[in-house]
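Read through the structure below, which is laid out as structure tokens, and then see the notes.
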Amino acid sequence: MYFKRKVYNELLEWKKTYSDKYAVLLEGARRVGKSTIAENFAQNEYKSYI
């Protein structure tokens, strides 16, 4: 089960504005869902991801 997080909208804004020039860095405490949000964002917003 996946809950939509506030950061998802910020990632969409990053993709629209900065993704052609800058990488994104997700920072936070351990076990808060950084990898999960990154994977879900990649699955939903890109054709291919690693």
For this session: Scan the chain for chymotrypsin sites (Phe, Trp or Tyr not before Pro) in coil per DSSP, keeping those whose Cβ has at most 12 other Cβ atoms within 10 Å, and list them by number.
Result: Tyr2, Phe3, Tyr18, Tyr22, Tyr46, Tyr49
For this session: Could you check the simple spin-label distance between Val32 and Lys4, using points 7 Å along Cα→Cβ, in nm with one decimal?
Result: 2.1 nm
Exercise. Once every DSSP H run of n ≥ 4 in the chain is given -39500 (n - 2.57) and the sum is divided by its residues, what mean residue ellipticity at 222 nm do you get, rounded to the nearest 500 deg cm²/dmol?
Worked result: -15000 deg cm²/dmol
Exercise. Taking the Cα centre of region 6-45 as the origin and placing charges on Cβ (Lys, Arg +1; Asp, Glu -1), which of Ala29, Leu11, Asn44 is farthest toward the positive end of the dipole?
Worked result: Ala29
Problem set entry | Selection of GluC sites (Glu not before Pro), region 4-50, meeting DSSP coil and at most 10 other Cβ within 10 Å | Glu27
Exercise. Just how large is the dipole of the chain about the Cα centre, in debye to the nearest 20, putting +1 at every Lys and Arg Cβ and -1 at every Asp and Glu Cβ?
Worked result: 160 debye
For this session: Could you pull out the trypsin sites (Lys or Arg not before Pro) across region 8-50 that fall in loop regions by DSSP (anything but H, G, I, E, B) with no more than 16 other Cβ atoms inside 10 Å?
Result: Lys21, Arg30, Arg31, Lys47
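The numbers here are math on the coordinates, done by the rules we state, and not lab data. These numbers come from a predicted model, not from an experiment. All Cβ positions, even for glycine, are placed from backbone atoms using ideal geometry, and neighbour counts span all protein chains on display.
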